[in-house]
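These notes are about the structure you will find just below.
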């Protein structure tokens with residue numbers, strides 16, 4: 001099974017779609033974590049571990065959503081591609097390598113879609129695991145926002161690299177989103 005997944009990962013179409021889902025959902029997870037961590041601090045949550053547990057719960061929800069939705073979306077898309085090919089070939093492709101390849105790609109896409117938000121949520125939430133040992137709640141919140149901005153910037157830099165854009169501008173644009181979410185949590189009544 002792993003050999004088939006590895007083989008399908010080599011296909012550019014599969015990597016491209018998986019990359020999109022990973023970064024899109026990683027972006028969502030990072031901004032969700034920022035909202036949770038800043039909102040928790042502003043709401044008076046007293047322990048970092050509580051904030052971390054809430055973030056993990058959000059990560060589980062986002063990952064489940066990512067895997068489930070992509071599983072269904074890609075099933076529909078891959079079957080539509082197969083049916084179009086069947087119409088052109090005037091031949092059924094059930095139980096063929098073409099069908100198998102499409103379904104293996106779907107598994108990789110769904111997995112990438114679920115991993116993105118887990119990473120997105122977990123990284124900015126880590127400072128709360130050492131709240132009370134290394135950080136105060138305020139310091140853990142600030143560290144969380146910094147990690148979120150760095151993670152978003154890394155996403156932006158990677159996307160700029162593959163698209164041959166200016167890496168610093170792309171990193172700054174993506175990182176800015178974390179600061180905007182933090183600021184909106186402070187400005188808007190919760």
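All of the numbers you see were taken from the coordinates with simple rules; none came from a lab. Note that the coordinates shown come from a computational prediction; the quantities given were computed from them, not determined experimentally. Please note: Cβ atoms are built from the backbone with ideal geometry, for glycine as well, and neighbour counts cover all protein chains shown.
Rule-of-thumb check for the chain: C-alpha Rg over 2.2 N^0.38 Å?
So the chain has a normalised radius of gyration of 1.23.
Suppose R0 equals 22 Å. What FRET efficiency, 1/(1 + (r/R0)^6) with r the Cβ-Cβ distance, do residue 10 and residue 77 give to the nearest 0.05?
Computed FRET efficiency for residue 10 and residue 77: 0.65.
Return a whole-number percent for the relative contact order of the chain, with Cα pairs under 8 Å and 6 or more residues apart as the contact set.
Numbers: 272 pairs, mean separation 62.8, N = 190.
Computed value for the chain: 33 percent relative contact order.
Among 34, 141, 47, which one shows the highest mean-square fluctuation when the chain is modelled as a Gaussian network with alpha-carbon springs under 10 Å?
The residue with the greatest mean-square fluctuation here is 47.
Going by C-beta contacts inside 10 Å, put 21, 41, 158 in order with the fewest on the left.
The most exposed by this proxy come first: 158, 41, 21.
Between residue 53 and residue 87, what is 0.36 nm times their sequence separation minus the Cα-Cα distance? Round to one decimal in nm.
Here the answer is 7.2 nm.
Pick from 20, 106, 11: which residue has the top mean-square fluctuation in a GNM of the chain where Cα pairs under 10 Å get a spring?
Fluctuation is largest for 11.
Let me know the shape class of the range 1-59, please: from the alpha-carbon gyration tensor, a ≥ b ≥ c as square roots of the eigenvalues, rounded when a/c is under 1.5, otherwise prolate if a/b is greater than b/c, or oblate. Don't skip to the answer; put the middle values down first.
Working: a/c = 7.32, a/b = 2.79, b/c = 2.62.
Verdict is prolate for the range 1-59.
What length, rounded to one decimal in nm, is gained on full extension from residue 183 through to residue 136, with 0.36 nm per residue of separation minus their alpha-carbon distance?
On the way: separation 47, 0.36 × 47 = 16.92 nm, distance 2.00 nm.
The residue 183-residue 136 span can extend by a further 14.9 nm.
How would 142, 187 line up from fewest to most surrounding beta-carbon atoms within 10 angstrom?
Values: 142 17, 187 7.
Ranked by crowding around the Cβ, least crowded first: 187, 142.
Rank the residues 131, 77 as a footprinting-exposure proxy: fewest other Cβ atoms within 10 Å of their Cβ go first.
77, 131
Under the 0.36 nm per residue contour assumption, what length would be gained going from the current alpha-carbon distance of residue 165 and residue 42 to full extension? All intermediate terms of the calculation are to be shown ahead of the outcome.
Working: separation 123, 0.36 × 123 = 44.28 nm, distance 3.71 nm.
Once the chain is fully extended between residue 165 and residue 42, it gains 40.6 nm.
How big is the gap, in Å, between the Cα center of the range 13-40 and the Cα center of the range 108-123?
Comparing the Cα centres of the range 13-40 and the range 108-123, I get a distance of 7 Å.
Please give the FRET efficiency for residue 103 paired with residue 19, using the beta carbon to beta carbon distance and R0 = 22 Å, rounded to the nearest 0.05.
Working: r = 19 Å, r/R0 = 0.88.
Here the calculated transfer efficiency is 0.70.
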